[in-house]
1. Tell me, yes or no, whether segment 65-84 has at least one residue that is within 25 Å of the chain's Cα centre (by Cα), assigned to a helix (DSSP H, G or I), at pLDDT 85 or above and surrounded by fewer than 17 Cβ atoms within 10 Å (Cβ to Cβ).
2. Only residues in segment 333-344 that are touching a residue at least 40 places away in the same chain (Cβ under 8 Å) count as the first member; pair them with residues that are surrounded by 15 or more Cβ atoms within 10 Å (Cβ to Cβ) and of a type in the set (Phe, Trp, Tyr), Cβ under 7 angstrom, at least 6 apart or cross-chain, and list the lot.
3. Inside segment 340-392, can you point out the residues that are polar (S, T, N, Q) and touching a Lys or Arg at 6+ places or on another chain (Cβ under 8 Å)?
4. Please list, ordered by first then second residue, the pairs with beta carbon atoms under 9 Å, 6 or more apart or interchain, first in segment 133-147 and in the same structural domain as Arg342 (by TED's automatic domain parsing), second of a type in the set (Ser, Thr, Tyr) and surrounded by 15 or more Cβ atoms within 10 Å (Cβ to Cβ).
5. When you check Leu351 against the structure, is it in the same structural domain as Phe66 (by TED's automatic domain parsing) and in contact with a Leu (Cβ under 6 Å, 6 or more places away or on another chain), yes or no?
6. Limited to segment 137-152, what total is found for residues that are out of contact with any Asp or Glu (no Cβ under 7 Å at 6 or more places or on another chain) and either among the polar types (S, T, N, Q) or farther than 16 Å from Trp339 by Cβ (or both)?
Amino acid sequence: MTDYLKLPEGYGKPPEQAPPTGFDPARRLRSLTGVDENLLAWVWYERSKYTALGGVVLGTSVIAAFSMWNFANEAIGDTSVLSLVPAVVWMLFVLNLDRWLIAPQPNAKRRVTPLVTRLLVAVLLGTVIAEPLVLRIFQTAVEERIQDERHGDVDRLRSNLLRCNPDPSQGSGDRGRPGDCDSYLLSFGATPGGQSAELDALRQDAAELQKRVDRDTKLLESLDADVRDECRQLIRNAGTGLLERTSECRRLRVKAADYRATHHTAADERRLAQLNDRIGQDGSRLTRSRGAFLTARDKEIAHRVAQERAKQKGIGVLERMAALEQLTRDDSTLFTGVWLVRLLFVLIDVLPVLVKFLGQESSYDRLLSSRSNSAVKVHDAAVRAVERKSLAELEIAQEECEQYVRRRKAELDAARREHVAEMDIRVSQAVDALEGELRRRSSV
């Protein structure tokens, strides 16, 4: 019923334009646009246009595959053969999506809504494809920025760990710690903070005791000097005629003896010597404790820094995108270059849709619409014929059913009449037999 829609033998197909029997790259490219070769043979002069359009579709899918391959390698952190799997899948997806977007549609009107929808899909797809390629092009600058940021993070971590974990023997301990150190505090088995406070207290006591001993010693030496000077003088006793010490000498000696008895200078000197010995011993222990603390702190800081660097092994896609955004924010020239590259790849992906829908209706489109309309008419006629045939068959079946019902009714009526006649005969025979029997008995 649809044989007349096929291309007539030799009509519109010159020998030099007949489709080849072997592999035809141009035919393969045209198949990516969704055209029908049999219908295209009627307008063979448009084959080059659809061949070029198929090449654009293939090129877009290849660019998409390369983009996905770069994206997968950046996500993994290294170049791997496994990245070819998502690249091939993404290539086939983009290829079929572009084929669907530009496939010729019969009776397609140039309405704004379908065009905007397909352009929007193409723009979104082009944006997704363009971003990994942009990151690949500016890979050197992006990686340098990321490495600088990582080194800065490590340096800030080390600085904050040192700032938030100071040597207790050199400061005021927790009271001098900044308020933003909650995430930078380190734990230690022992710190020299208590020993340092005790040593400071001992040194303060020793200094005060030293001042007192120096003051008492100075006063006592002054008294002894006065005693010596005064007691060198001798006076003659008027009564005895002997030389004697002066009363001032005796008074100064009593004063010096009282001062020694009340101030305990010798005991303070012994106590000061003991304090100095204890300060020396505690100072040695504090020095050893401080050395152990600094060693433990350096070890913990090195461990935290190593953990931070372990997190920075691979450069992720989001980290690359953030670094590229920071680079473009700081450099207007780079900002312009990045967006030009992005728009270029987006335009390349949107190009097949723009070429298809912004151009005029081609001869192939008119032939496709004509064949589609013809096929719709043939299909409608075929549906009506099938409908009429089905209705006729149903009507005939209904008539056969009615005839069968009438025939069965007639047969049943005839059978009923035969039964009634047979019963009448049997009744008549019974009556005749009974009448004969009554006559016979009455004659006897």
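The values are calculated or read from the model by the stated rules, or taken from the named source; none is laboratory data. Quantities reported herein were computed from a predicted structural model and do not represent experimental measurements. Note that each Cβ is placed from the backbone with ideal geometry, even for glycine, and that neighbours are counted across all protein chains shown.
1. Yes, segment 65-84 contains at least one residue that is within 25 Å of the chain's Cα centre (by Cα), assigned to a helix (DSSP H, G or I), at pLDDT 85 or above and surrounded by fewer than 17 Cβ atoms within 10 Å (Cβ to Cβ).
2. Val338/Phe138
3. Once the filter is applied, which keeps residues that are polar (S, T, N, Q) and touching a Lys or Arg at 6+ places or on another chain (Cβ under 8 Å), segment 340-392 yields only Ser362.
4. Cβ pairs passing all conditions: Leu133/Ser67; Arg136/Ser67.
5. no
6. Adding up the residues that qualify gives 11.
Conditions (1) touching a helix residue (DSSP H, G or I) at 6+ places or on another chain (Cβ under 9 Å); (2) within 30 Å of Phe71 (Cβ to Cβ); (3) at pLDDT 80 or above; (4) not in a helix (DSSP H, G or I), marked per residue:
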residue	(1), (2), (3), (4)
Ile146	yes, yes, no, no
His151	no, yes, yes, no
Val154	yes, yes, yes, no
Leu161	yes, no, no, no
Ser183	yes, no, no, no
Gly189	yes, no, no, yes
Ser196	yes, no, no, no
Asp205	yes, no, no, no
Glu208	no, no, no, no
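Results for (1) touching an Asp or Glu at 6+ places or on another chain (Cβ under 8 Å); (2) over 30 Å from Thr140 (Cα atoms); (3) not hydrophobic (A, V, I, L, M, F, W, C), shown as yes or no for each residue.
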position	(1), (2), (3)
Gly337	no, no, yes
Leu344	no, no, no
Ile348	no, no, no
Asp365	no, yes, yes
Ser374	no, yes, yes
Leu391	no, yes, no
Leu412	no, yes, no
Arg441	no, yes, yes
